[in-house]
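Reading through the structure tokens given below for one structure.
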Amino acid sequence: MRYIALLLIFWQSMWGYTYNELLLDAQSRIYPKLLMLEEGIAARHNNKPVVFTVLYEPEDEFTAEKIVDKIEAYYDHSLGGISFEAEMATFRELEPPFHSDAFYILKADEEDMKRAVDFALREKIPVFVYDFKDLKYGALFALTIEQSTVIYMNRAVLQKAGTLFAPSLYSIVRFVDAE
Amino acid sequence: MKQFINIFLTISTFYLAANGSDLNVKNLVKSIGKDAHEIGKLAEQTKISEPYQPYIISVFSGKELEKLGVSNLKEALQLVPGVDIATDNMDNQRLVFRGSNPFAFGQSKLFVDDVEVNDLFFDSYGAWLSMPIEMIKRIEVTRGPGGISNGVNAYAGSIRVITYAEHLPMEGNQKRFVVKAGSYDYKMGGAVFRHEADELSVYADIYYQQDEKSLPVGKDALSTRRYGAVNVPLSRDGEAPLWMRSYMMGLRVQYGAFRLDARTLYYERGSAFGINGMLPQPSDHAKFPFSYAQVSYEKSFKDWIISVKGGVKLSSFKSASMLAPQGLIFPVTLTSNGFIEQPLAFPDGFYGIHEVNQRQIYQSTYATSDGFESHRFDFGYFVSKDETLKELTITTDRSDGIGLLDYSEILPFTDPDAERTTWRVFLQDRYRYSKSLTFQAGLNIEKNNNISTQFNPRVSAVYQFDSSNVYKLIYSRSIRTPSWQEVYTLNNSARVGNHNLDPEVVNAWEGAYIHRFGIDEFVQLNLFYLKNSDQIDNLNSDHQYRNSGSSDIWGVTVEYKTHILKIGRLYFNFTQLNGKKSNHQPLDNVAKRLAKMTYHMALSENWETGLIARYVSSKKRATYDYRKDKVPAYSALDLTIGYEGGKGYKIRLSAKNIFDADIHYPSEPYNYDTDFPAEGRTVMLTVAKAF
């Protein structure tokens, strides 16, 4: 029986990161609004939808679907009068001509995380992450819950990203240097 | 870098002015602020922001506990750091927080959906510990004095059980059915239901469960000469009846700001080890029914939230049991002049039917405001009146030892005319000095007709060094009011009430350091020093409840929670504590080391496994106990395998205590020599369906 228990403990498998429901909901609610504070986003998307892509590992497909559903429920394909679409994609799909206006990255392997961030930097699109500790891979935003709700903005990436945001955004975020 | 940001901001401003935007930026930012505020409130309500709150709290999600194979509230609470289980002759189990007085009930309080449910006689919540985990959405345990519920300063810890009556905006109206079967012929069926229409919402839960448990126990208290040498030959060993029949129904109806909460628990079980330490008959039993109904009104006015509540609780204790075996000889006989010292034999044994029905009526009002710059004020009051509605004492005739006689008038087992009025006033201010430093100070004033006015202050500071490192310092004082049993028990040689008891008092100093290294991933170090005085027990030759002395307890708890390989979640805690009583003797019946570990892992898209390990070190017995051996340490391992299919089906098979560890809870001196046994290896099968 002891051996069975040990075997189960160290079993290597591929399923099931447990996400915090409230945090997923908070991020689904606030991340799209943060994206819409990007300068010129309205002008760039005249009659075209803003695309917000949830990037996920295959085992997190259910979670990614849930986020897309939440965003659709909150915004019904439109935010601030601009057409807005939440989509989902695996890291393998990140090949040109893949298009998106922002990434929301769930938990992922280091390699996939870096690949997605590099892609975003090339395309000059902001990256939002589920886990604030993943800011170190070069993501720009993370929302977490401390004494209150805190939006972290990665100062180290801001320069590289080359995206501009409405100035009032900077008064509500907390800057960190994570690389 | 700051220079870069400044330049960046300036450029952005010019850019915006030059290009304009279709979006109303001001409204968007305002809306983000509103969202963040609402999410912050939900986070505090659900204790997700716990690491930053001025308490030491453990939070367990019901669904995560289900995945681990936890079956009921008791099993869940055994995972709390520094918590051990103690029991007594009636198997009325309670939690022992950090080694604090394992002989007393009421040192911790249990709240179900914010209603305190400790019974009114023992101040115990043992009957609630079998509540199936499928009925529980979340468990929040505050370690140490100072409850997280307004106006209640629990002594050693407070437990908040939140059922699925709580409904958050992002949650659907789920319906659930569950059936379970397991060892000792355990059977359970239950359901959770919720319906919402406009401003009206209705929630209901219901379950029934039963088992046929009995456990082998050694020679009973008669063998210790506690009831005289003449009765020693009557001592028996055998199967202690621990069977259980229980049901619960809960209801919440909300309409706008008005809410009705009602819940009734029926709990009946075998008489366990016998109230007086003599092995009972298999059909002997005790019942602990408890019901409450509460009406509340909560309304926001600008920066204020006002909450007005009023309710009634009905709590009973009923016992029908053979309290002493056939042939027992009592040293006294009841005559028209009272008891005289003349031995009396009970050829058919000594049978007792005892019943007490009590009622509490209460009302409270609390107000909270965060409208003052950096301050959040809470204040309010609570008043209650407890009284006995019915008292029944029927026993074998104590003048000739034959037949039953109603002694409710002349020899009641509890004072039928006793009443208790309690009032509490509560005020608190949380002051956010800066983004990283928060202070909280509060005062709880309590008075009832058994104790003098008590002032219980609580002060704390939380310092958030950065996003990952948090420090806490807490001082608090709290009391435990003597329970009804300890004050009003009459005519019982094993339990003698005392009207002159002072409340137990604890002064607690605590420090904590939390390092967060991810979402739901942290290490926490908690240091505590508890100075207890006026501890109550009846461990004396008269068996009278007395303030027997004081004790100092100090220790450290380490908690660690992390994800492993993205598919597993590990939680571990370890507590090392030590202490001494005022007479410099070690603490009685206290485990100095406790370790708990849980591990959950997904095996495939549908299959998962859960593992729970617990270690409780040995316990040194009281110095006057003639048994010089320690209560043995034990380790237990539970293993669960689960399958979650489509359409909301879940099946779980759990093997608990898989190595059949020998687990015993300590008995008091001159009771069962062999202590009180707990279950060995058991299995549990659960099938659930969500709609």
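The values are calculated or read from the model by the stated rules, or taken from the named source; none is laboratory data. Since the model is a prediction, treat every value here as computed from it, not as a measurement. No Cβ is skipped: glycine too gets one built from the backbone with ideal geometry, and neighbour counts run over all protein chains shown.
Consider A:SER83 against the criteria (1) away from chain B (no Cβ under 14 Å); (2) surrounded by fewer than 22 Cβ atoms within 10 Å (Cβ to Cβ); (3) part of a strand (DSSP E or B): it satisfies all of them except one. Which criterion is unmet?
(1)
Going through the stretch B:239-252 one residue at a time, which ones are surrounded by 15 or more Cβ atoms within 10 Å (Cβ to Cβ) and either under 23 Å from B:ASN540 (Cβ atoms) or free of Cβ contacts under 8 Å to residues at least 60 places away in the same chain (or both)?
Of the stretch B:239-252, the ones surrounded by 15 or more Cβ atoms within 10 Å (Cβ to Cβ) are B:240-252.
Hits for the stretch B:239-252 are B:PRO241, B:TRP243, B:ARG245, B:TYR247, B:MET249, B:LEU251.
Might you let me know whether the stretch A:43-58 holds any residue that is crowded, with 19+ Cβ neighbours inside 10 Å, within 11 Å of chain B (Cβ to nearest Cβ) and at pLDDT below 90?
Looking through the stretch A:43-58, none of the residues is crowded, with 19+ Cβ neighbours inside 10 Å, within 11 Å of chain B (Cβ to nearest Cβ) and at pLDDT below 90.
Out of B:THR640, B:THR674, B:THR623, B:THR598, I need the residue that is surrounded by fewer than 19 Cβ atoms within 10 Å (Cβ to Cβ) and touching a residue at least 60 places away in the same chain (Cβ under 8 Å). Which one?
B:THR674
Can you give me the ranges of the strands (runs of 3 or more DSSP E) entirely in the stretch B:492-591 with at least 2 residues that are among the polar types (S, T, N, Q)?
Correct list: B:521-537, B:546-564, B:568-581.
Being among the acidic types (Asp, Glu) and more than 9 Å from chain A (Cβ to nearest Cβ) is the filter; apply it to the stretch B:599-636 and report the residue that is nearest to B:GLU66 (Cα to Cα).
Applying the filter and picking the extreme gives B:ASP629.
Identify, please: which residue in the stretch B:299-335 is buried (at least 16 other Cβ atoms within 10 Å of the Cβ) and either of a type in the set (D, E, K, R) or not in a strand (DSSP E or B) (or both) and is, among those, farthest from the chain's Cα centre (by Cα)?
Here the residue is B:PRO325.
For the stretch B:436-449, give me each residue that is under 24 Å from the mean Cα position of the chain (by Cα) and not acidic (Asp, Glu).
Matches in the stretch B:436-449: B:GLY442, B:LEU443, B:ASN444, B:ILE445, B:LYS447, B:ASN448.
Filter the stretch A:138-177 down to the residues that are in contact with a Phe, Trp or Tyr (Cβ under 8 Å, 6 or more places away or on another chain) and small (Gly, Ala, Ser), then identify the one that is nearest to the other protein chains (Cβ to nearest Cβ).
Here the residue is A:ALA142.
Is it the case that B:ARG495 is among the basic types (Lys, Arg), in contact with a Pro (Cβ under 9 Å, 6 or more places away or on another chain) and over 20 Å from B:GLU446 (Cα atoms)?
no
Return yes when B:GLU140 is closer than 30 Å to B:SER476 by Cβ and charged (D, E, K, R) and no when it is not.
yes
Going residue by residue through the stretch A:87-109, is there one that turns out to be under 27 Å from B:THR609 (Cβ atoms), part of a helix (DSSP H, G or I) and at the interface with chain B (Cβ under 8 Å from one of its Cβ atoms)?
No: zero hits.
Is it the case, given these coordinates, that B:TYR366 is modelled with pLDDT under 95 and closer than 30 Å to B:PRO289 by Cα?
Taking the combined requirement at face value, the residue satisfies it.
Mind checking whether some residue in the stretch B:382-398 is in contact with a Gly (Cβ under 9 Å, 6 or more places away or on another chain), surrounded by 17 or more Cβ atoms within 10 Å (Cβ to Cβ) and over 30 Å from B:PHE346 (Cα atoms)? Full working, then the answer.
Filtering the stretch B:382-398 for residues in contact with a Gly (Cβ under 9 Å, 6 or more places away or on another chain) gives B:382, B:393-397.
Of the ones still in play, those that are also surrounded by 17 or more Cβ atoms within 10 Å (Cβ to Cβ) are B:382, B:393, B:395-396.
Keeping just the survivors that are over 30 Å from B:PHE346 (Cα atoms) gives B:382.
Yes - at least one qualifying residue is present in the stretch B:382-398.
When you go through B:ASN540, B:ASN578 one by one, which is the residue that is over 30 Å from B:LEU65 (Cβ atoms), touching a Leu at 6+ places or on another chain (Cβ under 9 Å) and without any contact (Cβ under 8 Å) to a residue 40 or more places away in the chain?
B:ASN578
Scanning the stretch A:31-42 for residues that are among the hydrophobic types (A, V, I, L, M, F, W, C) and under 11 Å from A:TYR104 (Cβ atoms), which turns out farthest from the other protein chains (Cβ to nearest Cβ)? Spell out the reasoning first.
Kept after step one, since they are among the hydrophobic types (A, V, I, L, M, F, W, C), are these residues of the stretch A:31-42: A:34-37, A:41-42.
Within this subset, residues satisfying the condition of being under 11 Å from A:TYR104 (Cβ atoms) are A:34-35.
Values: A:LEU34: 7, A:LEU35: 10 Å.
Applying the filter and picking the extreme gives A:LEU35.
Being surrounded by 23 or more Cβ atoms within 10 Å (Cβ to Cβ), more than 21 Å from B:ALA461 (Cβ to Cβ) and either within 10 Å of chain A (Cβ to nearest Cβ) or not charged (D, E, K, R) (or both) is true for just one of B:LEU65, B:LEU42. Which residue is that?
B:LEU65
Look at the stretch B:601-610 and say how many of its residues are touching a strand residue (DSSP E or B) at 6+ places or on another chain (Cβ under 7 Å) and surrounded by fewer than 21 Cβ atoms within 10 Å (Cβ to Cβ). Reasoning before the result, please.
To start, the set of residues in the stretch B:601-610 that are touching a strand residue (DSSP E or B) at 6+ places or on another chain (Cβ under 7 Å) comprises B:601-603, B:606-610.
Retained after the next criterion (residues that are surrounded by fewer than 21 Cβ atoms within 10 Å (Cβ to Cβ)): B:603, B:606-607.
Selection size over the stretch B:601-610: 3.
So which of B:ALA127, B:ALA104, B:ALA165 is outside any loop (DSSP other than H, G, I, E, B) and small (Gly, Ala, Ser)?
B:ALA127
Scan the stretch B:349-376 for residues that are surrounded by fewer than 16 Cβ atoms within 10 Å (Cβ to Cβ) and more than 30 Å from B:LYS313 (Cα to Cα) and report the count.
5
Output the residues belonging to the stretch B:298-333 that are of a type in the set (Phe, Trp, Tyr) and touching a residue at least 12 places away in the same chain (Cβ under 8 Å).
B:TRP304, B:PHE317, B:PHE330
Pull up the stretch A:92-109, narrow it to residues that are crowded, with 19+ Cβ neighbours inside 10 Å and not aliphatic (A, V, I, L, M), then point me to the one that is farthest from B:VAL29 (Cα to Cα).
The residue in question is A:LYS107.
May I ask you to list the residues in the stretch B:228-279 that are aromatic (Phe, Trp, Tyr) and under 30 Å from B:PRO347 (Cβ atoms)?
B:TRP243, B:PHE273
Those residues that are within 14 Å of chain B (Cβ to nearest Cβ) and exposed (fewer than 15 other Cβ atoms within 10 Å of the Cβ), I need them from the stretch A:110-135; list them, please.
Across the stretch A:110-135, the qualifying residues are A:GLU110, A:GLU111.
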